[in-house]
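Colleague: A single structure is presented below for examination.
The values are calculated or read from the model by the stated rules, or taken from the named source; none is laboratory data. Given the structure is predicted, the values throughout are model-derived calculations rather than measurements. Here the Cβ is made from the backbone with ideal geometry for all residues, glycine too, and neighbour counts use every protein chain on show.
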Amino acid sequence: MNNKVINISDNYKNSYIHPKAEIGKNVEIGPYSIIGPHVKIGDNTKIGTHVTITGDTFLGKANKIYHGVSIGSCPQGAKKEGQIFIGDNNIFREYVNIKSDSDRGNAETKIGNNNMIMAYCHISANCNISSDVIMSNATSIGEDVIIEDQAVVAGMTNVKEYVRIGRISMVGAHSNVLKDVPPYIIVDGHPAQVSGINVIGLRRNSIKPAVRREIKKAYKILYRSDLNIDEAIMEMDNTLNADQNIEYFLRFLRNVKRGICR
């Protein structure tokens, strides 16, 4: 990165960019934005007006950050910021808030690539959001939450700390997620309860019909029988055809610590 290659036109004179910040090529920074001394910003990133990026924050290439976004400040009541790592091609809409806390967990908030984080979303300290995730407006996720690839979290949802949301799952709007959300399913409600298989998501992500049939069998074993999780895992091991998607589903269930949405 080259901290001298930056697009600051006459319209951007009111921005503050610390001389130690590392700014990539073709970066645009809007007026009244603040970039702190330990921030690194990748090439072709566009930063809007009134944006604040502080702390030990790394932003990859071609991210789009809209008006009023705050990245890198420590949570309320915390003493010191942790690290934030953000990949490439993410979109952060207006007033998104991303935190990290050096006193908790792994002291690092991670966000992958190609994510859409819509307006007013709050990402608490030390969360891990994978890639191709959609978080709709005003969703709030607690500390140490994990959201895996291609998951969709609809608007005004609250996700409790330490919850894990599996890949290609979907959380309905206005939900309160208190337990883990297994892959490939839909949950909804207060508290969030399972409502079916994310069939549309599986098709959009090119999961083959034969695999979708196995996922349907796994769903029935887990949710339409009287088996507990350990018994359901054993039954799936004995009856389902081996596939990387099914194996991932079983690994997810084996690592559940908070229970799953039912």
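Colleague: Could you identify the single residue in N63, N44 that is crowded, with 23+ Cβ neighbours inside 10 Å and either at pLDDT 95 or above or outside the structural domain of D101 (by TED's automatic domain parsing) (or both)?
Modeller: So the residue among N63, N44 that is crowded, with 23+ Cβ neighbours inside 10 Å and either at pLDDT 95 or above or outside the structural domain of D101 (by TED's automatic domain parsing) (or both) is N63.
Colleague: Test F85 against the criterion of being modelled with pLDDT of 95 or more and surrounded by fewer than 19 Cβ atoms within 10 Å (Cβ to Cβ), and give yes or no.
Modeller: It is true that F85 is modelled with pLDDT of 95 or more and surrounded by fewer than 19 Cβ atoms within 10 Å (Cβ to Cβ).
Colleague: Please go through segment 195-205 and give me each residue that is of a type in the set (V, I, T) and surrounded by fewer than 19 Cβ atoms within 10 Å (Cβ to Cβ), ordered by number.
Modeller: V199, I200
Colleague: Only one of (1) outside any helix (DSSP H, G or I); (2) touching a residue at least 24 places away in the same chain (Cβ under 8 Å); (3) under 30 Å from the mean Cα position of the chain (by Cα) is not met by N241, so which one is it?
Modeller: N241 satisfies all of (1) outside any helix (DSSP H, G or I); (2) touching a residue at least 24 places away in the same chain (Cβ under 8 Å); (3) under 30 Å from the mean Cα position of the chain (by Cα) except (3).
Colleague: Please verify whether F85 is within 23 Å of S15 (Cβ to Cβ) and not in a loop (DSSP other than H, G, I, E, B), treating the condition exactly as stated.
Modeller: Considered against the rule, which asks whether it is within 23 Å of S15 (Cβ to Cβ) and not in a loop (DSSP other than H, G, I, E, B), F85 comes out as no.
Colleague: Considering V159, V171, V187, which residue is over 14 Å from the mean Cα position of the chain (by Cα), crowded, with 19+ Cβ neighbours inside 10 Å and farther than 22 Å from A62 by Cβ?
Modeller: Residue meeting the stated conditions: V187.
Colleague: On the given criteria, is I117 of a type in the set (A, V, I, L, M), out of contact with any helix residue (DSSP H, G or I) (no Cβ under 8 Å at 6 or more places or on another chain) and surrounded by fewer than 18 Cβ atoms within 10 Å (Cβ to Cβ)?
Modeller: No: the conditions fail for I117.
Colleague: Right, something else. Conditions: (1) on the phi > 0 side of the Ramachandran plot; (2) buried (at least 19 other Cβ atoms within 10 Å of the Cβ). R164 meets all but one. Number of the miss?
Modeller: Among (1) on the phi > 0 side of the Ramachandran plot; (2) buried (at least 19 other Cβ atoms within 10 Å of the Cβ), the lone unmet condition for R164 is (1).
Colleague: Before we move on, is L178 on the phi < 0 side of the Ramachandran plot and crowded, with 20+ Cβ neighbours inside 10 Å?
Modeller: Against the criterion (on the phi < 0 side of the Ramachandran plot and crowded, with 20+ Cβ neighbours inside 10 Å), L178 does not qualify.
Colleague: Looking only at segment 223-262, count how many residues are over 16 Å from V211 (Cα atoms) and among the aromatic types (F, W, Y).
Modeller: 2
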